[in-house]
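Participant: Just passing along the structure, written as structure tokens.
The values are calculated or read from the model by the stated rules, or taken from the named source; none is laboratory data. The model shown is predicted, which means the values in this text are computed figures rather than measured ones. All Cβ positions, even for glycine, are placed from backbone atoms using ideal geometry, and neighbour counts span all protein chains on display. Surface accessibility is based on the protein's heavy atoms, side chains included, excluding ligands, DNA and RNA. Shrake-Rupley method; radii C 1.70, N 1.55, O 1.52, S 1.80 Å.
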Amino acid sequence: MTHDRLKRLDAFLIPILAVLSGLVVSVILVLLTDTPPVEAYRILFVAGFGCNELTRCALFTTLERATPLILTGLSAVVAFRSGMFSIGQEGQYLLGAVMAAWLGYAIQLPPVIHPLFIMIMSMLAGAAYGWVPGVLRVKLGVNELLVTIVLNAIAVLFAEYMVQFPLRADAGAVAHSPVIDASAQLPTFLPGSKWGIGFVIAVLTAYAVYVYLWRSTPGYEQRMAGQSKRFALFGGIPSDNAAIRAMLISGALAGLAGSIEILGVHRRIMSAFSVGLGFDGLSVAILGQSHPLGVAIVAILFAGVRLGAQLGLQLEAQIPRELGGTIIGLIILFVALRKFYEGNLDRLRDWLVRRFNRGQARPER
Amino acid sequence: MALALEMKGISKYFASTDVRANDQVDFAVEAGEVHALVGENGAGKTTLMSILYGLVRPDAGEIKVDGQPVQIHRPDDAIRHGIGMVHQHFKLVPSFTVAQSIMLGMEPNRGGFLTPNEENRIVSELAERHGLPVDPKARIRDLPVGMQQRVEILKVLERKAKILVLDEPTAVLTPQEVAELMRVVRNLSQAGFTVIFITHKLLEVVRVADRVTVMRGGRNVGSKAVAETTVPELARMMVGREVLLKVNKAPRQPGPVVFAADDVSVTDVRGFPAVTRVSFEVRAGEIVGIAGVSGNGQTELVEAVTGMRALDGGRLALNAKDATSLSVRQRRNAGLAHIPEDRIHVGLNLETNLDENLIVSRYKLGQFNRAGFLNRRSMRDFAIDVIKRFSIAAAVPGGGISRLSGGNMQKVVIGRELAGEPTFIVANQPTRGLDVGSIEFVHRSLVDARDRGAGILLVSVELEEILALSDRVLVMYRGQIQGEVDPATATEEQIGLLMAGAQPETTAPTA
């Protein structure tokens, strides 16, 4: 079945086409500035992905910034693949971060044990926050999308309260918590960026999520229940359990993202800590075709474009860095148009199959 | 009499579900008559009417209203040509008043400002003119279903419809409301309106219609004057099949009881009783057929038996063990197999591949489950084995299944369900929408399973299928077993009467 095999390529073709379309349309915006588009994209790329010397390497910073995106993206993947449209990554991420910032100075443990314990606690906090919409969905039929929106708002305010009062370190202008103990900090690889163990954890987690969803029986249950509730019911798959399990795992992954961001990058939590990394995870998951490999690639791309816009376009070319966000927005817009690509790719594929399989048996309709 | 409506050569093919919903349908309605359009679910009557009302674009065919060819692309066009439709599920806004609902989109106004009094007056006059009294100021949500339907009819009349299409109008009504609707329909016909009455309840046809058209499998199988036909004849036209199916099978050798339902009651999705106090047994080595016009509780009964729907009352026993509150998985482990009526949405998951589809009811078993991980090699071996045993030529191990034909999809379902040598098999409409070759395969598989010693509960609205396969036949009507007949001696007429709700051993009701 040539058709089936070609169809599998779509997972890669569609994001690539979307990215190209987004870049092409962004040219219109670049033309409004004085910089020639090719030059602007070169600056963007060098500032986002370039690497001249090891200690001042943009690529490493990009990888550092991709870390929480990978994890929140995986969080969204687990929920989406299990039929739960949860956008609660932001709230779960914040709870994980608050937990990490607190335990980072409030308890004393030996190195290695300390961050491990904190990451587990952050995952539990995120999982608990994911459990709420899951159980409401299963027991009462409440739409998980609405519940997670509300829970996100609560988590933002809760985190802000914790920073302003219980965890506040001093009376400085910007409220922040005490710096976490050295024993709790996650090591970084090279000076000049916070790229470190956290990134390795994120990549290993991406592989673990893939194995779990596609190779394990609980993952099979979640995917089947997510793809067709009635098929799951028919086959005896406990889809309610699968949905709650999905939300627990999804929450834990977002909580882990918050934990690593504190332990590996900021080393404390400060006022207005939330910059939408949880929501970016949603975009990453959608752009990455809800697949762990796609998420890892897209998260790096995403972080790089943003860094390139910030450091390259803004500082070097005096183009507002919001262009980076605009490019990403356009790319997501084109991914949302995947039906357009699918329709045309299908037509192209049918044409190719017809052309090259002439005389051979047609694939069954 | 002149033809109010003529539809010629209407064809419609739905590629997404691979269904030829209408196949060269000719349909003619005389002015001023009540014309019943009957057929099973899926026979194509709703598609035909959706084409008439501009909701569906036909692939071929033409439509004439009052002898003039017309183009109907949208409901607006239909309304302009005097065609009005009352949908089975009303399209009303609960918070609106009756008058607001009827005048929606054509509200009387003075310089852009609404004039509610004028609106109420117009509606009162309209209601009076047609003898359909309503309170224009009442809110829709406060009205009983019968009154809401009356609002829908008035809405159509206000838009100057001459041809009224009523889509299964009695499905949601109480018997009293049905009687009232029948009176309304007769009155409208006397006042010169043409009424097309879609139903699958044959007793209603003889009560209200002048003429009747029967559809089956997307084709018009005949139009008759109601006075010249009988309920059993209509039933036969509805469920009959062109190809006479003959299945060679040995005499049954009934063994112990493999399944027993005792006093079982079930409610449907909307909470109405669908199955009321049904009891029956299935023995090893026999096929028990459940005949009946669709929508008489068969779906709910099957869901209850297979564990997909909770019982309201009664008990189930599987292989002499109580199964009333067992989960789907427990029942399947106890020897149940289920061939569902909807293979595309229930029996299969088209979004995943063949291997994963085949293990849905047994992924927890040691064969496929290695310490919580899927054993992909034995999944693949199993897929290869099923493909070979059930000769599913078009399927590929590890390949997608969404592009398989209906017959091959059903082979995948049957291969999965019969592979485990089940002791009790529930087959609901196992040949719906299949071609003759696939039908023979399904029938052969079921008879083989019976001869191997499985007990089979076969639910079908195809009377010939029931008669060809079953060792015993139960007829369902309105959620109850109306009677049991011996397929060897029973006539189609006898069963047709039971299907239409007649008591056993009585004569046909008179029109």
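Participant: Quote the charge dipole size of the stretch A:63-293 about the Cα centre in Debye, to the nearest 20; the model charges only the Cβ of Lys and Arg (+1) and of Asp and Glu (-1).
Facilitator: It comes to approximately 480 debye.
Participant: Also, quick follow-up: Within the set of other residues whose C-beta is less than 14 Å from the C-beta of A:T148, count the net charge using Lys and Arg as +1 and Asp and Glu as -1.
Facilitator: After counting each charged neighbour, the total is -1.
Participant: Contact order normalised by length for chain A, with contacts defined as Cα pairs under 8 Å and 6 or more residues apart; what percent is it?
Facilitator: Relative contact order, chain A: 33 percent.
Participant: I've got another one for you. As an exercise, use a Förster radius of 51 Å and the Cβ-Cβ distance of A:A171 and A:D34 to find the FRET efficiency, rounded to the nearest 0.05.
Facilitator: 0.65
Participant: Let me ask you something else. In straight Cα distance, which aspartates and glutamates are under 18 Å from B:K249, not counting same-chain residues fewer than 8 positions off?
Facilitator: B:E286, B:E440, B:D448, B:D451, B:E464, B:E465, B:D471, B:D486
Participant: Sticking with this structure for a sec: If you take the Cα atoms of the stretch B:134-204, find Rg, then find the Kirkwood Rh from the mean of 1/r over all pairs, what is Rg/Rh?
Facilitator: 0.95
Participant: Separation between the A:F85 and B:Q71 pseudo-spin-labels, each 7 Å from Cα along Cα→Cβ, expressed in nm?
Facilitator: 3.7
Participant: Treating only the Cβ of Lys, Arg, Asp and Glu as charged (+1, +1, -1, -1), what charge dipole size does chain B show about its Cα centre? Round to the nearest 20 debye.
Facilitator: 1320
Participant: Work out the charge dipole of the protein assembly as shown with +1 on the Cβ of Lys and Arg and -1 on the Cβ of Asp and Glu about the Cα centre, then indicate which of B:L457, B:V29, A:V156 is farthest towards its positive end.
Facilitator: The residue sitting most towards the positive pole is A:V156.
Participant: Keeping every protein chain in place, order B:K388, B:K155 by accessible area at 1.4 Å, biggest value first, i.e. largest first.
Facilitator: I get B:K388, B:K155, largest accessible area first.
Participant: Still on this structure, I have one more. Taking only DSSP H segments of four or more residues, each worth -39500 (n - 2.57), what value at 222 nm results for chain B once the sum is divided by all its residues, to the nearest 500 deg cm²/dmol?
Facilitator: Rounded to the nearest 500, it is -9000 deg cm²/dmol.
Participant: Additional query: How much of A:Y210 can a 1.4 Å solvent probe reach, expressed as accessible area in Å² and rounded to 10?
Facilitator: Using a 1.4 Å probe on the heavy atoms, I get roughly 60 Å².
Participant: For chain B, what is the relative contact order in percent, using Cα pairs closer than 8 Å and at least 6 residues apart in sequence?
Facilitator: Worked out over chain B, it gives 15 percent.
Participant: Using a 7 Å offset from the Cα along the Cα-to-Cβ direction at both A:F117 and B:A2, what is the distance between the two label points in nm, to one decimal?
Facilitator: 9.3
Participant: Sorted by accessible area (1.4 Å probe), largest first, how do A:H291, B:H200, A:H114 line up?
Facilitator: Sorted by accessible area, descending: A:H291, B:H200, A:H114.
Participant: Right, here's the next one. Return the sequence-ordered ³J(HN,Hα) values of the stretch B:22-37 in whole Hz as given by the Karplus equation 6.51 cos²θ - 1.76 cosθ + 1.60 applied to θ = phi - 60°, using x for Gly and Pro.
Facilitator: So the J values, rounded to whole Hz, are 10, 10, 6, 7, 9, 8, 10, 10, 7, 5, x, 9, 9, 10, 7, 10.
Participant: Pop out the ³J(HN,Hα) list for the stretch A:54-60 in order, Karplus 6.51 cos²θ - 1.76 cosθ + 1.60 with θ = phi - 60°, rounded to Hz; leave Gly and Pro as x.
Facilitator: 4, 8, 10, 10, 4, 4, 5
Participant: Taking a probe of 1.4 angstrom, what is the accessible area of B:F382 in Å², to the nearest 10?
Facilitator: Its accessible surface works out to 20 Å², give or take rounding.
Participant: Could you please state, rounded to a whole Å, how far the C-alpha centre of the stretch B:443-481 is from the C-alpha centre of the stretch A:274-312?
Facilitator: Computed from Cα coordinates, the inter-centre distance equals 57 Å.
Participant: Suppose R0 equals 41 Å; then what is the FRET efficiency for B:A31 and B:K91 from their Cβ-Cβ distance, rounded to the nearest 0.05?
Facilitator: The value I calculate is 0.95.
Participant: Ordering B:D167, B:D322, B:D210 from largest to smallest accessible area (1.4 angstrom probe), what's the sequence?
Facilitator: The residues order as B:D322, B:D210, B:D167, largest area first.
Participant: I would also like to ask the following. What accessible area, in Å² to the nearest ten, does a 1.4 Å probe give for B:E484?
Facilitator: Using a 1.4 Å probe on the heavy atoms, I get roughly 110 Å².
Participant: Another question, then. Could you tell me the distance between the Cα centroids of the stretch A:109-184 and the stretch A:22-90, to the nearest Å?
Facilitator: That distance is 25 Å.
Participant: What is the interface area between chains A and B, defined as buried accessible area summed over both chains with a 1.4 Å probe, reported in Å² to the nearest 100?
Facilitator: 2800
Participant: Calculate one ³J(HN,Hα) per residue across the stretch B:459-467 by plugging θ = phi - 60° into the Karplus curve 6.51 cos²θ - 1.76 cosθ + 1.60, and present them in order as whole Hz with x for glycine and proline.
Facilitator: Residue by residue, the stretch B:459-467 yields 10, 7, 9, 8, 4, 5, 5, 4, 5 Hz.
Participant: Need one number: nm distance between label points at A:L333 and B:K388, each 7 Å from Cα along Cα→Cβ, rounded to one decimal.
Facilitator: 5.6
Participant: Long-range amide H contacts for B:V459: which residues qualify at under 5 Å (H placed 1.01 Å from N, peptide plane, sequence gap of 5 or more or a different chain)?
Facilitator: Amide H to amide H, under 5 Å and 5 or more residues apart or across chains, B:V459 pairs with B:I290, B:A427, B:N428, B:Q429.
Participant: Which of rounded, prolate, oblate describes the stretch A:19-110, given a ≥ b ≥ c as roots of the alpha-carbon gyration tensor eigenvalues and a/c under 1.5 marking rounded, otherwise prolate only if a/b is larger than b/c?
Facilitator: oblate
Participant: May I pose another question? Which one of A:S250, A:T188, A:I113 has its Cα pushed farthest toward the positive end of the charge dipole of chain A, where Lys and Arg give +1 and Asp and Glu give -1 at the Cβ?
Facilitator: Final value for the positive-end residue is A:S250.
Participant: Treating only the Cβ of Lys, Arg, Asp and Glu as charged (+1, +1, -1, -1), what charge dipole size does the protein assembly as shown show about its Cα centre? Round to the nearest 20 debye.
Facilitator: Value, rounded to 20: 1760 debye.
Participant: Now, a different point. Could you give the length gained on full extension between B:D451 and B:L173, defined as 0.36 nm per residue of separation minus the Cα-Cα distance, in nm?
Facilitator: 95.6 nm
Participant: Among the aspartates and glutamates, which fall within straight-line cross-link reach of B:K64, defined as a Cα-Cα distance under 14 Å, with same-chain neighbours fewer than 8 residues apart omitted?
Facilitator: Leaving aside aspartates and glutamates fewer than 8 places away in the same chain, those within reach of B:K64 are B:E6, B:D26, B:E30, B:D77.
Participant: For the protein assembly as shown, compute Rg over Rh where Rg is the Cα radius of gyration and Rh is the Kirkwood radius from the inverse mean 1/r over Cα pairs.
Facilitator: Radius of gyration over Kirkwood radius for the protein assembly as shown works out to 1.04.
Participant: Shifting gears a bit: To the nearest Å, what is the center-to-center distance of the stretch A:239-273 and the stretch B:222-301, using C-alpha atoms only?
Facilitator: The two parts, judged by their Cα centres, are 54 Å apart.
Participant: Is the stretch A:16-58 rounded, prolate or oblate when judged by the Cα gyration tensor, a ≥ b ≥ c being the square roots of its eigenvalues, rounded requiring a/c under 1.5 and prolate requiring a/b larger than b/c?
Facilitator: The shape class here is oblate.
Participant: Convex hull over the Cα atoms of the stretch B:3-239, averaged projected area in nm²?
Facilitator: Across all orientations, the stretch B:3-239 yields a mean hull projection of 13.4 nm².
Participant: Below 14 Å, Cα to Cα, which aspartates and glutamates can B:K91 reach? Residues fewer than 8 away in the same chain don't count.
Facilitator: B:E152, B:D167
Participant: Okay, moving on. Averaging sequence separations of C-alpha pairs under 8 Å and six or more residues apart, then dividing by the length of the stretch A:1-156, give the relative contact order as a whole percent.
Facilitator: Value for the stretch A:1-156: 19 percent.
Participant: Quick check on chain A: take the gyration tensor over C-alpha atoms, sort the square-rooted eigenvalues as a ≥ b ≥ c, and tell me if it's rounded (a/c under 1.5), prolate or oblate.
Facilitator: Oblate is the answer for chain A, as a/c is 1.5 or above yet b/c matches or exceeds a/b.
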